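Below is one structure, written out as structure tokens, with a few remarks after it.
Derivation of every value follows stated rules applied to the coordinates shown; laboratory data play no part. Please read all numbers here as calculations on a predicted model, not as lab measurements. Note that we place each Cβ from the backbone using ideal geometry, even for glycine, and neighbour counts take in every protein chain shown.
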Amino acid sequence: MQTTTDPTAAVWTLRGATVMASFAVKDTEAASRFYRDTLGLDVRDGQEPGILEIHGKAGAPILVYPKTDHEPAVFTVLNLQVRDIESAVDALARAGVTFERYDGEGGVTTDAKGIAGGGDVGGPRIAWFRDPSGNIMSVLQAR
């Protein structure tokens with residue numbers, strides 16, 4: 001017996017679904033302190049033991065879960081949109097955040113503060129940093 005699938009079934013099933021993001025960290029206690037105390041985010045205990053929730057202005061929270069064999073992401077796992085990237089980078093640097101520096105790698109060049117973008121390139125101005133587990137995060141200012 002051959003079964004057929006209706007390709008529109010998934011579309012209709014998921015159309016009203018809540019969309020949420022998640023990523024892993026090695027140590028949720030260190031992550032919670034960093035996200036809450038250094039970045040100033042609204043971090044709460046999740047509904048499941050050991051899970052963190054990062055709450056933003058709108059939408060579902062971002063789930064952060066522990067993974068003992070965690071390997072840092074090689075891509076940006078969390079973007080934080082700010083109104084003034086210069087002020088945000090300055091404030092985070094004063095709080096001890098170290099920004100990544102790129103000198104043309106992957107076509108990205110950052111300035112002395114670690115901010116990329118601007119000029120005729122288009123897109124947001126963005127500065128990347130790492131959390132205690134080594135995951136890449138960013139602050140960005142939309143154009």
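Could you go through the stretch 77-91 and let me know if any residue there is under 14 Å from the mean Cα position of the chain (by Cα) and part of a loop (DSSP other than H, G, I, E, B). The answer is yes; a qualifying residue exists.
Considering only residues in the stretch 85-142 that are farther than 25 Å from Glu71 by Cα and of a type in the set (D, E, K, R), the one that is surrounded by the fewest Cβ atoms within 10 Å (Cβ to Cβ) turns out to be Asp120.
If you go through the stretch 92-109 and keep only what is farther than 24 Å from Thr28 by Cα and assigned to a loop (DSSP other than H, G, I, E, B), you end up with Arg101, Tyr102, Gly104, Val108.
Scanning the stretch 93-105 for residues that are touching a strand residue (DSSP E or B) at 6+ places or on another chain (Cβ under 7 Å) and touching a residue at least 40 places away in the same chain (Cβ under 8 Å) gives a single hit, Val97. Looking across the stretch 86-113, the residues that are over 16 Å from Thr38 (Cα atoms) and among the hydrophobic types (A, V, I, L, M, F, W, C) come down to Val108, Ala112. Residue pairs whose Cβ atoms lie under 8 Å apart, separated by 6 or more positions or on different chains, with the first residue in the stretch 31-46 and under 12 Å from Val64 (Cβ atoms) and the second aromatic (Phe, Trp, Tyr) and buried (at least 17 other Cβ atoms within 10 Å of the Cβ), are Leu41/Tyr35; Val43/Tyr35.
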